[in-house]
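The values are calculated or read from the model by the stated rules, or taken from the named source; none is laboratory data. In this text, all values refer to a predicted model and were calculated from it rather than measured experimentally. Every residue, glycine as well, gets a Cβ built from its backbone with ideal geometry; the counts of neighbours run over all protein chains shown.
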Amino acid sequence: MQYRIIAIVFLFLIGCRQKENAQPIEYTGPLSEAEDVDMLYSEKDRIKMKMKAKKILEFKNGDREFPEGLYLEFYNEFGILTSTLKANQAFYFKEKNEWRGRGKVEVKNLEKQQQLNTEELFWKPHTKKIFTEKFVTIKMENEIIYGTGLDAAQDLAYYTIRNPEGVLEIKD
């Protein structure tokens, strides 16, 4: 009998314990995922840009992540391919309308046969400018320029290296 009273008191004490209310955890991961994406951007029936990505993750705030890389082709007003941009990883910041490429980042100007390499590059589509604070290499037909920090047109039509180095060929 004594054990029954002790068991009943024990059960009563367990039952009176306050229950913890679990707070919901907000999900911050991607809302959607797309694979093997080919997209075309055009204006006035002319292709302006082509984008290829193996995977795109889209978040609630409109940001997009390209964890397996990104490849972009840029076309002029006549629909001719002028330059390309390739990165091992990329991220699009919707609020700033700015892109960031990381890893092995490569920009090629096909008309001038120039190639830019760096480990991180930012691109602002509305200004058509690219920039970085990182080390850059620009290869041209007979020259290679090195430096740290760059501001340039997205197609490398013009650029400024903030701290340049390298050997330049000077023609008479």
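Brief remarks on what is shown
- From V136, V105, residue being within 30 Å of T28 (Cα to Cα) and in contact with a Ser or Thr (Cβ under 6 Å, 6 or more places away or on another chain): V105
- All positions within region 55-66 that are assigned to a strand (DSSP E or B) and either within 23 Å of T82 (Cα to Cα) or of a type in the set (A, V, I, L, M, F, W, C) (or both): I56, L57, F66
- For region 28-47, the set of residues classified as surrounded by 11 or more Cβ atoms within 10 Å (Cβ to Cβ) and in a strand (DSSP E or B) consists of E33, A34, V37, M39, L40, Y41, S42, R46, I47, listed by residue number.
- Beta carbons closer than 8 Å, at least 6 apart along the sequence or on distinct chains, pair a first residue in region 17-28 that is at negative phi with a second that is modelled with pLDDT of 70 or more for T28/F59; T28/K60.
- When each of T82, T148 is tested for being on the phi < 0 side of the Ramachandran plot, in contact (Cβ under 8 Å) with a residue 40 or more places away in the chain and of a type in the set (S, T, Y), the lone residue that passes is T82.
- Counting only strands (runs of 3 or more DSSP E) that sit wholly inside region 74-122, those with at least 1 residues that are over 18 Å from I56 (Cβ atoms) and among the basic types (K, R) are 98-109.
- Search result, residues across region 125-138 that are out of contact with any Phe, Trp or Tyr (no Cβ under 8 Å at 6 or more places or on another chain) and closer than 14 Å to N97 by Cβ: H126, T127, K128
- Close pairs (9 angstrom Cβ cut-off, 6 or more residues apart or separate chains): assigned to a strand (DSSP E or B) in region 154-172, at pLDDT below 90 and of a type in the set (D, E, K, R) anywhere: G166/E143; V167/E143
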